[in-house]
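Each remark here refers to the structure printed beneath this line.
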Amino acid sequence: MTYTLVHNTRLGAHMETELASQPDAWEQALALKPGRALLPASGQRIAVVGCGTSWFMAQSYAALRESSGRGLTDAFAASEASAASEAFADRGYDAIVAITRSGTTTEVLELLAAVGGRTRTVGIVGDPNTALVDLVDDAVLLPFADETSVVQTRFATTVLAFLRASLGQDLTAAIADARQAVDAELAEDLLTAEQYTFLGSGWTIGLAHEAALKMREAAQSWTESYPAKEYRHGPIAIAAPGRVTWMLGDPPQGLFADIAATGAHYENTPLDPMADLIRAQRVALARARRAGLDPDQPRNLTRSVILHP
């Protein structure tokens, strides 16, 4: 059996529309060439911060920027960096890049306020009418990628598409893969599994963490994520028939054989890893619907975490 998403007003209608729009949003992001000039210059030492999904995109960008020789790049959860903002500001960064869909996340705003005037700040934001725009030295605005659903899909990958393009990557093939991922049928084994483990390597580790987060947020599913080479150092013990191990990107040698021996379903495609993330988002949506859950309004979550003293 296979399961194909149907566009209608069912649970998660906003998530469905937004995840399906990703190829078009990526194309729009590639056209923002003036925005690329606002990013820290090659050779500068920078930190990239965000919370939740934005933190995972920060991890992916940091790995890509550093591995391409553009300069030392660290990724931090803004929730941790803001707690030690004074020390964070003194680490000698040339710039701090903050990623936030809403522009209202408390920890991001606290960090930017603390380092303002001492370290150059760049914000990448979905909602331009927020306090973040006034706190940063420069803002990259992505209103076309903003979302209604609480569960993020489009904004996160559009930010990463923009950042990948800023590093000189040609995303033509990735966009074509994304269009394929939006329409491809999903195997029943992916929809009915008891447990999921997402793996990544290098820049796709952030994508693995993000795929797992989508499954937890949207479908309340038992999901874990790891760097691929760490998987065999303990986490593989959880692999079993009826469970899925999903590798985003190129797998390390021998991984397939090791997972096959456990009886778990091994998922890995030649799609661009960012496009394969769309497939994981679609699995999360499909599982949510089967369970009667609405990922547009997931349990215990809001669009932005705003903390009150």
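Cβ-Cβ distances below 6 Å connect the following pairs, each with a first residue in region 250-271 that is closer than 30 Å to PRO23 by Cα and in contact (Cβ under 8 Å) with a residue 40 or more places away in the chain, a second residue that is open to solvent by 50 Å² or more (accessible area, probe 1.4 Å) and not in a loop (DSSP other than H, G, I, E, B), and a separation of six or more residues or different chains: PRO252/LYS229; HIS265/ASP189. For region 170-196, the tally of residues that are within 22 Å of LEU160 (Cβ to Cβ) and of a type in the set (S, T, N, Q) stands at 2. Within region 35-57, the residues that satisfy the criterion of being assigned to a helix (DSSP H, G or I) and closer than 15 Å to GLY123 by Cβ are GLY35, ARG36, SER54, TRP55, MET57. When the helices (runs of 4 or more DSSP H) confined to region 58-137 are screened for residues that are farther than 26 Å from ILE205 by Cα, those reaching at least 2 such residues are found at 85-89, 106-115, 131-135.
Does region 48-63 include one or more residues that are at pLDDT 95 or above and exposed (fewer than 15 other Cβ atoms within 10 Å of the Cβ)? Within region 48-63 (the criterion being at pLDDT 95 or above and exposed (fewer than 15 other Cβ atoms within 10 Å of the Cβ)), the answer is no, since none of the residues qualifies.
Just one of (1) in contact with a helix residue (DSSP H, G or I) (Cβ under 7 Å, 6 or more places away or on another chain); (2) open to solvent by 10 Å² or more (accessible area, probe 1.4 Å); (3) outside any helix (DSSP H, G or I) fails for THR245. It is (2).
Filtering region 90-112 to residues that are at pLDDT below 90 and either within 21 Å of ARG65 (Cα to Cα) or exposed (fewer than 15 other Cβ atoms within 10 Å of the Cβ) (or both) leaves ASP90, ARG91, GLY92. Note on region 191-222: residues that are open to solvent by less than 10 Å² (accessible area, probe 1.4 Å) and closer than 22 Å to SER60 by Cβ total 15. Residues that are surrounded by 21 or more Cβ atoms within 10 Å (Cβ to Cβ) and on the phi > 0 side of the Ramachandran plot within region 248-300 comprise just one, GLY249. When restricted to residues that are open to solvent by less than 20 Å² (accessible area, probe 1.4 Å) and in contact with a Ser or Thr (Cβ under 6 Å, 6 or more places away or on another chain), region 27-46 contains 3. Of all the listed residues (ALA228, ALA239), the sole one being open to solvent by 10 Å² or more (accessible area, probe 1.4 Å) and either of a type in the set (Gly, Ala, Ser) or in contact with a Leu (Cβ under 7 Å, 6 or more places away or on another chain) (or both) is ALA239.
The values are calculated or read from the model by the stated rules, or taken from the named source; none is laboratory data. None of the values given here were measured: they were computed from a predicted structure. Glycine also receives a Cβ, built like all others from the backbone with ideal geometry; neighbour counts cover every protein chain displayed. Each accessible area value is taken on the protein alone, full model and side chains, heavy atoms only, with ligands, DNA and RNA left out. Shrake-Rupley method; radii C 1.70, N 1.55, O 1.52, S 1.80 Å.
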